[in-house]
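**Q** There's a structure below that I have some questions on.
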Amino acid sequence: MKFNDAVSGALLLALAIAILFNVSVFPSIPGQNVGPSLFPSVLASLLAVCALLLIREGLSSAQPWCELGEWMRSAHHLRNFLLTLGCLVFYIVASDVLGFIVCGTLILGVLFLAFSVRVQLVLPLALLVTLVIHAAFYKGLRVPLPWGILQPLQW
C-alpha cells in the first residue's frame with residue numbers, strides 16, 4: 001500500500017503538534033535556563049518542518065492519495081495478512097482469560113499450519129517457541145505476562 005506524501009506529512013505534523021502540546025506542560029527546573037521540554041520541543045519542531053515539506057511535495061505531485069500494492073491483489077498474501085491480523089485480535093481478546101502460553105501456542109500453531117510447516121512439528125515447535133518467548137519476557141525482562149487458566153501452575 002502506498003500513500004501520498006501529503007498523507008504521511010499530515011500524520012507526522014499531527015504527531016509533532018501533539019508532542020509540542022504535551023511538552024508545554026513539563027515543569028521548569030528552578031535555576032536552570034533549559035528544562036526537560038527543550039529537547040523534545042526541538043525535535044518536534046524539526047519533525048513539523050519535515051512534515052510540512054512532505055505535505056508540499058505530496059500536494060505538488062500527481063500521485064494518488066492511496067494506492068494498493070500488488071500483494072493486495074494476491075489471494076495468498078491477503079489471506080496471510082488477514083490471518084496475522086486475526087491472530088493479533090485473538091490475543092488481545094483472549095490473553096487475559098487463556099494466558100500467554102495457551103494463546104501463544106494456539107496462535108503459532110495456526111500460523112505454522114497456514115505457512116506450511118510440517119504437521120508433526122507444529123505443536124512441539126509452537127509450544128517450545130512460546131515457552132522460550134515467555135521465559136525471555138517473564139524471567140529475563142520481568143514483563144508480567146498473563147497466566148490465564150494456567151494461574152495455578154505459575155512459577
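Rule-based calculations on the coordinates, nothing more; no lab input. It should be emphasised that the depicted structure is a prediction, and the values quoted were computed from it without experimental measurement. Cβ placement follows ideal geometry from the backbone for every residue including glycine, while neighbour counts extend to all protein chains displayed.
**Q** According to a simple spin-label model (label point 7 Å from Cα along Cα-to-Cβ), what is the distance in nm between Ser24 and Leu68?
**A** 4.2
**Q** Once you place label points 7 Å from the Cα toward the Cβ at Glu57 and Ser8, how far apart are they in nm?
**A** In this crude spin-label approximation the distance works out to 0.7 nm.
**Q** Given charges of +1 on the Cβ of Lys and Arg and -1 on the Cβ of Asp and Glu, with all other atoms neutral, how large is the dipole of the chain about its Cα centre, in debye to the nearest 20? It would help to have the intermediate numbers written out before the result.
**A** Values: 7 positive and 5 negative charges, 70 e Å.
In total the dipole reaches around 340 debye.
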